[in-house]
Structures are given as C-alpha cells and as structure tokens.
Amino acid sequence: MSIKENKAVVRQFLEAGDRHSTEGVERIMSADVLEQFEERAAWVPKMFPGHRIRITDMVAEGDQVWVRTATSGGYAGGWMDIPATAGQWNNTCVAFFQVSEGKIVKWEMMCDLLGHLLQLGARIVPPEQGEG
C-alpha cells in the first residue's frame with residue numbers, strides 16, 4: 001500500500017476513536033489491535049466524558065505512520081483514585097502505527113501522563129526520606 005493509503009487507514013482509526021465507535025473498524029485492524037481498541041472504547045468515554053481526539057500532525061514512511069494528537073475531555077472519576085472533577089483537561093499524545101495490507105498491525109501511544117494527572121487534581125507527593 002502507498003504512504004497515502006496507510007495514512008488514510010490511521011486517520012480512520014483515530015476518527016473511530018474520536019467517536020468511541022467500534023463499528024466497521026475490524027476491516028482496518030488486526031485482531032490484536034482490534035481487541036485493544038475495543039477495550040479502550042468501552043472505558044474511555046465513561047471515565048472521560050466528552051473525550052475528543054484531534055490530529056495535529058501526521059508523518060509516514062513505508063509501513064509506519066506517526067501521529068501527534070490533541071486530546072481533551074471531562075473526568076468522571078475512577079482513575080488512579082483521583083476523584084471526579086467538573087473541569088476539563090487537554091493533553092498531547094504521540095502515536096506510532098504500523099500498517100500492513102491495509103490493516104493496523106501495531107499501535108503504541110505515549111501521552112503527557114504527568115500533565116494529565118495534574119489537570120485532574122492529582123497531587124505529586126515525594127516519598128519521605130528513607131523510602132524508595
């Protein structure tokens with residue numbers, strides 16, 4: 001497949017993630033990736049109501065596609081013992097995709113976890129001296 005086609009597959013994947021919809025995505029994902037996606041599609045909208053994904057940059061070479069996204073949403077609680085908040089959060093993520101024969105076969109995502117936690121009201125407390 002061409003780089004343009006690989007980018008289109010990744011765009012379809014991220015658009016489905018933005019809609020929290022698993023409908024029709026099985027045609028663009030390997031079985032392993034589909035399972036990961038279905039798990040996230042089940043809990044993300046419940047925990048992060050209004051969760052949105054917007055592509056800000058996309059670069060591709062061969063079968064690899066790199067994407068930077070801007071994400072945002074609310075928070076209903078249930079993550080890392082942080083109570084629900086009425087506020088909104090924004091985050092930046094970078095994702096790597098490998099596409100083979102029109103399907104995503106590998107997917108990794110790295111987000112600003114510390115920034116996200118702080119926006120949700122988490123407090124970072126250093127360990128007391130003598131603790132590891």
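Screening the candidates 109, 47 for the property of being hydrophobic (A, V, I, L, M, F, W, C) and over 22 Å from residue 28 (Cβ atoms) yields one hit, 47.
Note on region 27-53: residues that are under 17 Å from residue 80 (Cα atoms) and in contact with a strand residue (DSSP E or B) (Cβ under 6 Å, 6 or more places away or on another chain) total 3. Within the bounds of region 20-36, is there any residue that is surrounded by fewer than 16 Cβ atoms within 10 Å (Cβ to Cβ), part of a strand (DSSP E or B), in contact with a helix residue (DSSP H, G or I) (Cβ under 7 Å, 6 or more places away or on another chain) and not polar (S, T, N, Q)? Checked region 20-36: no residue is surrounded by fewer than 16 Cβ atoms within 10 Å (Cβ to Cβ), part of a strand (DSSP E or B), in contact with a helix residue (DSSP H, G or I) (Cβ under 7 Å, 6 or more places away or on another chain) and not polar (S, T, N, Q).
When you scan region 74-84, do you find a residue that is under 17 Å from the mean Cα position of the chain (by Cα) and open to solvent by less than 50 Å² (accessible area, probe 1.4 Å), even just one? Yes, because at least one residue in region 74-84 is under 17 Å from the mean Cα position of the chain (by Cα) and open to solvent by less than 50 Å² (accessible area, probe 1.4 Å). As for region 48-59, it holds at least one residue that is among the aromatic types (Phe, Trp, Tyr) and surrounded by 15 or more Cβ atoms within 10 Å (Cβ to Cβ). For region 101-122, filtering for residues that are charged (D, E, K, R), surrounded by fewer than 17 Cβ atoms within 10 Å (Cβ to Cβ) and more than 21 Å from residue 77 (Cα to Cα) leaves 3. Residues of region 85-100 that are at pLDDT 95 or above and open to solvent by 20 Å² or more (accessible area, probe 1.4 Å): 90, 92, 94, 96, 98, 100. Select from region 36-57 the residues that are over 16 Å from residue 69 (Cα atoms) and charged (D, E, K, R) and list them in ascending order. Across region 36-57, the qualifying residues are 38, 39, 40, 46.
With respect to the stated conditions, residue 12 fails to be open to solvent by 60 Å² or more (accessible area, probe 1.4 Å), out of contact with any Asp or Glu (no Cβ under 8 Å at 6 or more places or on another chain) and under 25 Å from residue 119 (Cβ atoms).
Would it be correct to say that residue 44 is hydrophobic (A, V, I, L, M, F, W, C) and under 18 Å from residue 96 (Cβ atoms)?
no
The values are calculated or read from the model by the stated rules, or taken from the named source; none is laboratory data. A quick note: this is a predicted structure, and the numbers were derived from the prediction, not measured. Please note: Cβ atoms are built from the backbone with ideal geometry, for glycine as well, and neighbour counts cover all protein chains shown. Note: areas computed on protein heavy atoms with side chains; ligands, DNA, RNA excluded. Shrake-Rupley method; radii C 1.70, N 1.55, O 1.52, S 1.80 Å.
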